[in-house]
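Working notes, beginning with the structure itself.
Please treat every number below as a calculation from the coordinates, not as lab data. These figures come from a predicted structure and were not determined experimentally. Cβ coordinates were reconstructed from backbone atoms using ideal geometry, including for glycine residues, and neighbour counts include every protein chain displayed.
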Amino acid sequence: MQPDAPEQSDAELIARVRAGHVNDYEPLLTRHREQVFAIVARHVPAAQVAEQAHEVFVRAFLSLKTYRAEKPFAHWLARIAVRTCCDFWRQKQRHPETPASTLDADHQDWLETTAQGLAREQFAGEVARREAAEVLDWALAQVGATERMVLTLLHRDGHSVAEIADLLGWTQTRVKVTAFRARHKLRGILGRQLKATR
């Protein structure tokens, strides 16, 4: 009985895929599946996670010849995942399924309660957190796809400006300016909605 062959590195598998052994892409996919799903799950609706994660792996496969190994494959794949999520929101903005201009009564009530400055304890709990997250998702749908991605990477995922610049292939200045403009837009969107509910 022969001992198991040692596990091949990402670089070895990539070289084999580039040489035409396309079945060697499957171990790469398996190895990085959780990372990709985790990134995608933080940035798209739950019902879209599997489809968008699949899109990440398709894009990575088609772009494998451009991978230069200057950074680990996992990092290169993370960049593709972030950009795929950004493209998802761009597409959603071009073809909205529902009008984004209205909030239901529960969300308007939450905004009104927040605006009145009631004590934090009064609306603590899971329902309030869920409604707050839904209001934020609604507001984020009003800004551009790249602005949404910058804000979620910065505030939800806790990435630094430098990390976001690297993931998006931007300068740090562009990330800062985009985040500033996006926050300003969000304040305006929420402010207008608050006025409309009064």
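Scanning region 29-74 for residues being of a type in the set (F, W, Y) and in contact (Cβ under 8 Å) with a residue 60 or more places away in the chain gives a total of 1. Those residues that are more than 9 Å from the chain's Cα centre (by Cα) and of a type in the set (A, V, I, L, M, F, W, C), I need them from region 68-87; list them, please. Correct list: A69, F73, A74, W76, L77, A78, I80. When D166 is tested against (1) in contact with a helix residue (DSSP H, G or I) (Cβ under 8 Å, 6 or more places away or on another chain); (2) not in a helix (DSSP H, G or I), exactly one condition is not met: (2). Restricting attention to region 135-169, the residues that are within 16 Å of the chain's Cα centre (by Cα) and either of a type in the set (K, R) or more than 18 Å from F88 (Cβ to Cβ) (or both) add up to 11.
Scanning region 1-55 for residues that are touching a Ser or Thr at 6+ places or on another chain (Cβ under 6 Å) and aliphatic (A, V, I, L, M) gives no hits.
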